[in-house]
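Undergrad: Here it is, the structure in full.
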Amino acid sequence: MALASVFGAPPLQRRVGSVKVLHLSLALLAVLQIGIALSGHAGIHTGIIVCTILSGIPIGLNNTVFTESAMEVSDAPRPVASAGYNFVRWMGGALAPFLATKPGEEIGVAVPYALGAACCLVAMAILYLKRHHLSALVHVGAEPVPAR
(Lines give C-alpha, C1' and ligand atoms only; values in the text may rest on other atoms or scores of the structure.)
Protein backbone atom coordinates (compact mmCIF):
# COMPACT_ATOMS: atom_id res chain seq x y z
CA MET A 1 0.00 0.00 0.00
CA ALA A 2 2.69 2.48 1.00
CA LEU A 3 4.73 1.84 -2.15
CA ALA A 4 1.72 2.45 -4.40
CA SER A 5 0.78 5.54 -2.41
CA VAL A 6 4.23 7.14 -2.54
CA PHE A 7 5.74 5.83 -5.78
CA GLY A 8 2.71 4.84 -7.88
CA ALA A 9 0.13 7.58 -7.46
CA PRO A 10 2.19 10.69 -8.30
CA PRO A 11 3.53 9.44 -11.67
CA LEU A 12 0.11 8.06 -12.62
CA GLN A 13 -1.54 11.37 -11.71
CA ARG A 14 0.94 13.26 -13.89
CA ARG A 15 0.49 10.84 -16.77
CA VAL A 16 -3.30 10.33 -16.87
CA GLY A 17 -4.79 12.71 -14.26
CA SER A 18 -6.31 12.20 -10.85
CA VAL A 19 -9.84 11.33 -11.98
CA LYS A 20 -8.63 8.54 -14.26
CA VAL A 21 -6.39 7.20 -11.51
CA LEU A 22 -9.40 7.13 -9.17
CA HIS A 23 -11.49 5.25 -11.72
CA LEU A 24 -8.65 2.80 -12.42
CA SER A 25 -7.90 2.16 -8.75
CA LEU A 26 -11.57 1.74 -7.83
CA ALA A 27 -12.11 -0.68 -10.72
CA LEU A 28 -9.02 -2.68 -9.75
CA LEU A 29 -10.11 -2.76 -6.12
CA ALA A 30 -13.57 -3.98 -7.15
CA VAL A 31 -12.03 -6.78 -9.24
CA LEU A 32 -9.75 -7.83 -6.36
CA GLN A 33 -12.65 -7.81 -3.89
CA ILE A 34 -14.65 -10.03 -6.23
CA GLY A 35 -11.56 -12.26 -6.39
CA ILE A 36 -11.50 -12.46 -2.58
CA ALA A 37 -15.24 -13.16 -2.48
CA LEU A 38 -15.05 -15.93 -5.09
CA SER A 39 -11.94 -17.45 -3.53
CA GLY A 40 -13.54 -17.36 -0.08
CA HIS A 41 -16.74 -18.90 -1.35
CA ALA A 42 -14.76 -21.67 -3.06
CA GLY A 43 -12.39 -22.12 -0.11
CA ILE A 44 -9.29 -21.24 -2.16
CA HIS A 45 -6.96 -19.73 0.43
CA THR A 46 -4.20 -18.89 -2.07
CA GLY A 47 -6.64 -16.73 -4.05
CA ILE A 48 -7.67 -14.88 -0.89
CA ILE A 49 -4.03 -14.24 0.04
CA VAL A 50 -2.97 -13.07 -3.42
CA CYS A 51 -5.97 -10.77 -3.89
CA THR A 52 -5.57 -9.37 -0.39
CA ILE A 53 -1.91 -8.53 -0.96
CA LEU A 54 -2.58 -7.07 -4.41
CA SER A 55 -5.43 -4.95 -3.03
CA GLY A 56 -2.78 -2.82 -1.34
CA ILE A 57 -1.97 -1.34 -4.76
CA PRO A 58 -5.36 0.29 -5.44
CA ILE A 59 -5.80 1.13 -1.76
CA GLY A 60 -2.48 3.01 -1.81
CA LEU A 61 -3.41 4.82 -5.02
CA ASN A 62 -6.81 5.73 -3.55
CA ASN A 63 -5.23 6.92 -0.31
CA THR A 64 -3.02 9.45 -2.05
CA VAL A 65 -5.35 10.58 -4.81
CA PHE A 66 -8.52 10.89 -2.71
CA THR A 67 -6.64 12.86 -0.05
CA GLU A 68 -5.13 15.27 -2.57
CA SER A 69 -8.42 15.54 -4.45
CA ALA A 70 -10.38 16.42 -1.33
CA MET A 71 -8.00 19.32 -0.74
CA GLU A 72 -8.03 20.52 -4.37
CA VAL A 73 -11.77 20.54 -5.07
CA SER A 74 -12.99 22.00 -1.79
CA ASP A 75 -14.05 25.64 -1.54
CA ALA A 76 -13.43 25.46 2.22
CA PRO A 77 -10.12 26.55 3.73
CA ARG A 78 -7.55 23.75 3.63
CA PRO A 79 -7.71 22.96 7.41
CA VAL A 80 -11.52 22.69 7.26
CA ALA A 81 -11.44 20.52 4.13
CA SER A 82 -8.80 18.31 5.72
CA ALA A 83 -10.76 17.98 8.95
CA GLY A 84 -13.97 17.11 7.12
CA TYR A 85 -12.25 14.57 4.89
CA ASN A 86 -10.42 12.96 7.80
CA PHE A 87 -13.63 12.79 9.85
CA VAL A 88 -15.36 10.84 7.08
CA ARG A 89 -12.32 8.60 6.50
CA TRP A 90 -11.75 7.77 10.17
CA MET A 91 -15.46 7.30 10.90
CA GLY A 92 -15.66 4.86 8.00
CA GLY A 93 -12.52 3.13 9.23
CA ALA A 94 -14.02 2.77 12.69
CA LEU A 95 -17.43 1.50 11.58
CA ALA A 96 -16.43 -0.69 8.62
CA PRO A 97 -14.95 -3.65 10.53
CA PHE A 98 -18.06 -3.96 12.69
CA LEU A 99 -20.55 -3.42 9.88
CA ALA A 100 -18.73 -5.69 7.39
CA THR A 101 -18.68 -8.64 9.76
CA LYS A 102 -22.45 -8.73 10.18
CA PRO A 103 -23.32 -9.81 6.60
CA GLY A 104 -20.27 -12.07 6.64
CA GLU A 105 -21.51 -13.85 9.77
CA GLU A 106 -25.19 -13.95 8.88
CA ILE A 107 -25.17 -14.48 5.09
CA GLY A 108 -21.75 -15.72 3.99
CA VAL A 109 -18.06 -14.89 4.06
CA ALA A 110 -18.09 -13.60 0.48
CA VAL A 111 -20.82 -11.01 1.07
CA PRO A 112 -18.72 -8.21 2.63
CA TYR A 113 -16.32 -8.34 -0.32
CA ALA A 114 -19.13 -8.36 -2.87
CA LEU A 115 -20.63 -5.34 -1.08
CA GLY A 116 -17.21 -3.66 -1.10
CA ALA A 117 -16.93 -4.23 -4.85
CA ALA A 118 -20.43 -2.80 -5.33
CA CYS A 119 -19.43 0.27 -3.29
CA CYS A 120 -16.41 0.77 -5.58
CA LEU A 121 -18.71 0.68 -8.61
CA VAL A 122 -21.09 3.16 -6.97
CA ALA A 123 -18.13 5.44 -6.21
CA MET A 124 -17.06 5.26 -9.86
CA ALA A 125 -20.58 6.21 -10.94
CA ILE A 126 -20.61 9.15 -8.51
CA LEU A 127 -17.23 10.34 -9.82
CA TYR A 128 -18.62 10.19 -13.34
CA LEU A 129 -21.91 11.91 -12.51
CA LYS A 130 -20.20 14.67 -10.51
CA ARG A 131 -17.32 15.16 -12.95
CA HIS A 132 -18.14 18.86 -13.38
CA HIS A 133 -17.14 19.37 -9.74
CA LEU A 134 -13.76 17.77 -10.43
CA SER A 135 -12.43 20.21 -13.00
CA ALA A 136 -9.67 21.25 -10.56
CA LEU A 137 -8.32 17.71 -10.79
CA VAL A 138 -7.63 17.79 -14.52
CA HIS A 139 -3.86 17.65 -14.82
CA VAL A 140 -1.65 18.52 -17.76
CA GLY A 141 1.87 17.31 -17.06
CA ALA A 142 2.67 17.88 -13.41
CA GLU A 143 0.64 21.07 -12.96
CA PRO A 144 -3.10 21.16 -12.20
CA VAL A 145 -5.23 23.23 -14.54
CA PRO A 146 -7.01 25.93 -12.49
CA ALA A 147 -10.78 25.38 -12.26
CA ARG A 148 -11.61 29.07 -12.09
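The values are calculated or read from the model by the stated rules, or taken from the named source; none is laboratory data. This is a predicted model, so every value here is computed, not measured. Methodologically, a virtual Cβ is constructed for each residue, glycine included, from the backbone with ideal geometry; neighbour enumeration extends over all protein chains shown.
Undergrad: Can you name the residue in segment 18-48 that is among the small types (Gly, Ala, Ser) and under 15 Å from the mean Cα position of the chain (by Cα) and, of all such residues, is nearest to Pro103 (Cα to Cα)?
TA: Ala30
Undergrad: Of all residues in segment 12-68, which are aromatic (Phe, Trp, Tyr) and touching a strand residue (DSSP E or B) at 6+ places or on another chain (Cβ under 8 Å)?
TA: none
Undergrad: Something else now. Say whether the condition of being of a type outside the set (A, V, I, L, M), in contact with a helix residue (DSSP H, G or I) (Cβ under 6 Å, 6 or more places away or on another chain) and modelled with pLDDT of 90 or more is met by at least one residue in segment 126-137.
TA: no
Undergrad: Another question, if that's okay. Just to be sure before I move on: is Ala96 modelled with pLDDT under 90, closer than 19 Å to Phe66 by Cα and in a helix (DSSP H, G or I) in the structure I sent?
TA: yes
Undergrad: Take Val50 and tell me if it is in contact with a Leu (Cβ under 6 Å, 6 or more places away or on another chain) and modelled with pLDDT of 90 or more.
TA: Spelling it out, it is not the case that Val50 is in contact with a Leu (Cβ under 6 Å, 6 or more places away or on another chain) and modelled with pLDDT of 90 or more.
Undergrad: Can you confirm whether segment 24-42 contains a residue that is under 21 Å from Lys130 (Cβ atoms), free of Cβ contacts under 8 Å to residues at least 24 places away in the same chain and assigned to a helix (DSSP H, G or I)?
TA: No; the residues of segment 24-42 include none that is under 21 Å from Lys130 (Cβ atoms), free of Cβ contacts under 8 Å to residues at least 24 places away in the same chain and assigned to a helix (DSSP H, G or I).
Undergrad: Moving to a separate point now. List pairs: first in segment 91-114 and under 22 Å from Leu32 (Cβ atoms), second part of a helix (DSSP H, G or I) and among the charged types (D, E, K, R), Cβ under 9 Å, 6+ apart or cross-chain?
TA: Within 9 Å, the pairs are Pro112/Lys102.
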